[in-house]
1. Grab the helices (runs of 4 or more DSSP H) fully contained in segment A:233-306, keeping just those with 1 or more residues being buried (at least 17 other Cβ atoms within 10 Å of the Cβ) and either among the β-branched types (Val, Ile, Thr) or within 14 Å of chain C (Cβ to nearest Cβ) (or both).
2. (1) at pLDDT below 90; (2) surrounded by fewer than 15 Cβ atoms within 10 Å (Cβ to Cβ); (3) in contact with an Asp or Glu (Cβ under 9 Å, 6 or more places away or on another chain): which one isn't true of B:Ser13, the others all being true?
3. Answer with yes or no whether A:Phe168 is in a helix (DSSP H, G or I) and under 24 Å from the mean Cα position of the chain (by Cα).
4. Scan segment B:1-42 for residues that are more than 20 Å from A:Asn386 (Cα to Cα) and small (Gly, Ala, Ser) and report the count.
5. Say we look at segment C:159-191 and pick out the residues that are more than 7 Å from chain B (Cβ to nearest Cβ), β-branched (Val, Ile, Thr) and touching a Ser or Thr at 6+ places or on another chain (Cβ under 9 Å); which of these is farthest from B:Ile144 (Cα to Cα)?
6. Among the acidic types (Asp, Glu), touching a Ser or Thr at 6+ places or on another chain (Cβ under 8 Å), away from chain C (no Cβ under 13 Å) and in contact (Cβ under 8 Å) with a residue 40 or more places away in the chain: does that describe A:Glu113?
7. Can you tell me how many residues in segment B:119-160 are in contact with a Leu (Cβ under 7 Å, 6 or more places away or on another chain), within 14 Å of chain A (Cβ to nearest Cβ) and hydrophobic (A, V, I, L, M, F, W, C)?
8. Could you list, in sequence order, all residues of segment A:565-591 that are assigned to a loop (DSSP other than H, G, I, E, B) and either at pLDDT below 85 or among the small types (Gly, Ala, Ser) (or both)?
Amino acid sequence: MLRDKLAVLSDARFIFALIIALGVAAEFVSGSTVQIWSFVLINVLIAQSINVLTGIAGQISLGHAGFLAIGAYGSALLMKSLGLPLPLSLVAATLMGAAAGWILSFAAGRVREFYLAMMTLGFGMISYEVVREWTGVTGGVAGLPGVPSPALRTLNVFGVNLGEVGYFHLMLGVTAIVLWLLRNFITSPYGRAFFAIHVSEVAAGSIGIPRAGTKREAYTLSAALMGLAGGFYAHLVGYLGPESFHLHRSVEALVMAVVGGLGTLSGPVLGAALFTYLPEQLQFFTDYQFMVYGLILMLSFVLLPRGLAGLVLPRTRFIKRLTPLRSADADGRGTEAPAAIPARDDETTPLLRVSALAISFLGLRALDDVTLELKPGHILGLVGPNGSGKSTLVNVISGIYRPDAGRVVFEGRDITGLADYRVARLGIIRTFQDPRLVPGFSVRENVLLGAHRLYRQNQLAAAVDWPSALREEKRMLAGADKVIAMAGLSALADSIVRDLPYGDQRMTELARVLLADPRMVLLDEPTAGLSEGELKKLALVLQHLKQQDIAVVLIEHHMEFLRDLVDEVVVLNSGRVIYRGDMAGMYRSAQVIEAYLGGDSHAAAPAGGQGGRDA
Amino acid sequence: MLEVTGLVVRYGSIEAVRDCDLTFDTGTITAILGANGAGKSSLMKAISGLVPAAAGTIRIDGEDITALHAHRRARLGISHALEGRRLFHSMSVDENLRVAWEFRHRGNDFKTASDRVFERFPMLATRRKTPAGLLSGGQQQMVILSAALIHEPRYLLLDEPSLGLAPVIVQQIFAAISAVCRDSGTTIILSEHVAALALSVAHQAYVLKQGKVVRKGAASALAVDASLSAAYLGG
Amino acid sequence: MEFTLQLAFAGVCVGSAYALIAMGLSLTFWTTRTLNFGQGSLLMVGAVATVALLGAGVPAVAAVALAIALAGALMVVAERVAIRPLLKSGDSMGWVVSTLGFGLFLQGFVAKFYGSQAIAFPSLIFTSLDFVDVFGIQVSAQYLAVLTLSVALMVAMEIFLLRSAWGRAVRAVSHDADVAALAGIPVRRVVVLSFVASGALAGVAGVMVAQITGTVDPQFGFNLMVLGFVAAVFGGMGSIVGALVGGIALGVAEKLAGGFISTAFGDAVAFAILMAVLAIRPQGLFGRREMTKV
């Protein structure tokens, strides 16, 4: 198969050899070839920039040329007017891009989908107008000539005059480093978090990934890449005019990334090379450029959903190639639970105390005076008819909804109204009715997302593969192996979740919960869609959690399943607790029978609940 | 007569309805019972055409309607009131009824048709101009029933009509359901989580569990059957 | 003062055209929760086709009508090719990118076959030298015609939506397509209808704006689409009155900024307003907050 033969292309040694070969070859090929190669490198940075934001973090941008303009004019002006040396002005261009991205993220982080598309379009258009109209600084329509450039022999680095080949070498080296950093980053927890945000912000929050902060990182990183590309571009061409930063530049960036393959590392490189060479080689392409770009954008999502890379290249990995660290050599620490477990109070102290919760939606009381307690190592079944408020209760505890009244206290701390990802970081991990996994991730990659709250190394350490970050990753990988085995998924650990049956997806989600080293787990209908065999595994996992002194709340309709597991059931009806006690008592409770089966006394249904025990 | 044979409904990799055979006799009320997620709503949506049948056939009076779009089935006389009080909130009661009437009426004018449903629910007549979103839950349920009945359908599908309503309203609604069947000979299919309520008006019933029919029989027989509580409470 | 009033009036007229564009964008949003990012090119096609047909000797009324019909027909193609196949993914990125591609294709097509230079748009009813005296202010007859026509079309649309069976069907599909289908409404046909109307409205707006600006080029329309979107967002993507108020506010702000700061700055101000409105109140000034689903 072509894909297997091309696997060599993503081999690190091959890529290293390619870079060296390109560097050497540049000495011998014609000046125009070096020029094209230089443009390929700039387009690689541009395509990676949009890939980071749109392909990986899922935030569409139609105004990326704006960041390019900031980097280009920034570096050109700093060097031309202030006489800054090239390395510094390139660093400044990168930082200026990053700052612009960071600032934009505050506005853009608030909107989604096509609203975001329009907003970024607006950003691109403002940037273009400013470049065109701010004549005093940018030269306006007349442009900015005389930018220090190798072609004009005006580019000096520390006293050495840099020629076209020298400049190409510089760009090649920097681009190679950038790609290496990117690869390290997307195989780190922070890179994987971008994908989690992409798929579901709510689900990401439930495993401790903050949506606003993660988006801000994505914008900043993406815009920094674009700023750097802009800096390189300015000095390569030696002249800047507003037309280079028009909408079509943003579109071109998108085309390169989309055709190459969004969400992969190799795709944008392919796309950049392709769309630098095509206009050079094909007159036809130049004539019909807009029509071709239009057709590509129109059809590629349908015909080529994963781009060229998805078609011919091996899949991009989101895990480093590391040997998991066994517990024996884990410098004295266990393979899991790197987080310090707080000293526990007396056994009888409840872990969770929910008191007098109430919440309404559009005048409808979804929860009314709900009070309950949960001790460590106890399993609580949450039962009730459709629309009785079970999911709402879990949403309030996990920080998705803020209650109108009442308190949620966890380990003695009032967590009412705390943001969902902060709740998750305290060790309250929940699932949803439908498994919310990253469909393009393998089982192992999805499970690792669960550990997000446990990572202590920062983004910088992750991007440079700092030894401590690698050690931490090895520890997490070992933990992941363990929970994957527990969920019975060892044989499927490297399978892509999208291709797995529903039951395996649910088990993957369960493994992700386990790896989070939770203090309390909230599962929303975990048995739905599971086979008998999977149900047994689920029961074993729940018993394991109980032994670990972890508290569990189960929303369930499957009573046979609950019967052998739970320490207590709480029955909700119309947002009120109508029964609290053991399973046997539930079947005898007049109110419960009435809620489910109705009866002559139907008129008296939810009265007298008050969260107390059924007499 | 409405016949469902070998029906399968799938959402992605999940099978919500698995190989179900059901028959609904003309002029009777049939209750569909079962726990959450048993497949009641999916079954009804497959009958009205909102979700496609992955396998099996649906016939009304011998005519195969499995391939028809929902709006074509609606014009053939199938009315379906969805779960969760879904109506057009920003439209007035009158507009809700008009929308329900104007694309599938058979000859009669709107005034006659709406007057007839207001006879059944007189309290709506005084609120004709009120946006439906501002009505109480019970009144909204009445608007939904009125909209479902305004073109005098042959088949009426009701999904959880009692959900979230005060008991006194529930009794009114169920009285109206009985009356519709008695007066107009409409075939009614009713899903309910309050089993006793549904069985008190139904002639026959089916019990679903995990997408399959696990019991069928006369409503009176099922009402005293212990396996019913098992289907609901799993005990 | 006179100058300010003249600017404001021009802003009101241009703003009413923005509102018309907003209405075109909103129509498809109601029925499918999508909108055409290539809508600007349909404005351009409407204007360019009018010029081409007039050049071929077609009478003015027929030329305009044909151009508008062409825009409507193209929108049906856009729905079929660039929107429907991409709705399954549930993610907006696919159709945003593909409709943008559709617009770029039309832009490239016109640039290739009619040249990328600006071409003159002939005066249809009034010339740019015709002025009317309104309360002592000299007002361009062309601007006044645009305002009148825009407002008339919007009133007609409002009446259509509120009073006619198909208008009610559009609202029904917009609110809940399932319930609409169960009421016997042919949902697909309503969707196609909304796309035809949306394209036709874009064509009308294109002809009207070209009449004011006097020239068209392939890029004509792109900025207008974004400005129309700003007006639509003011109306919360749902209300025609909101879009009209939003469009007019935007038009006035743009013209005043253009008149007192610099002409080109007008657009930048409009885009800045777009970003601010989206960041502060994404659901629009007239829209209601949608309930968050988890």
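1. Because the criterion is at least 1 residues that are buried (at least 17 other Cβ atoms within 10 Å of the Cβ) and either among the β-branched types (Val, Ile, Thr) or within 14 Å of chain C (Cβ to nearest Cβ) (or both), the helices (runs of 4 or more DSSP H) in segment A:233-306 that meet it are A:247-260, A:266-281, A:289-303.
2. Unmet for B:Ser13, out of (1) at pLDDT below 90; (2) surrounded by fewer than 15 Cβ atoms within 10 Å (Cβ to Cβ); (3) in contact with an Asp or Glu (Cβ under 9 Å, 6 or more places away or on another chain): (3).
3. So A:Phe168 fails the test.
4. The qualifying residues number 4.
5. Result: C:Val191.
6. no
7. 1
8. Hits for segment A:565-591 are A:Ser574, A:Gly575, A:Ser589.
The values are calculated or read from the model by the stated rules, or taken from the named source; none is laboratory data. Just so you know, these numbers come straight off a predicted model, no measurement behind them. Here Cβ is always computed from backbone atoms with ideal geometry, including for glycine, and neighbour counts include all displayed protein chains.
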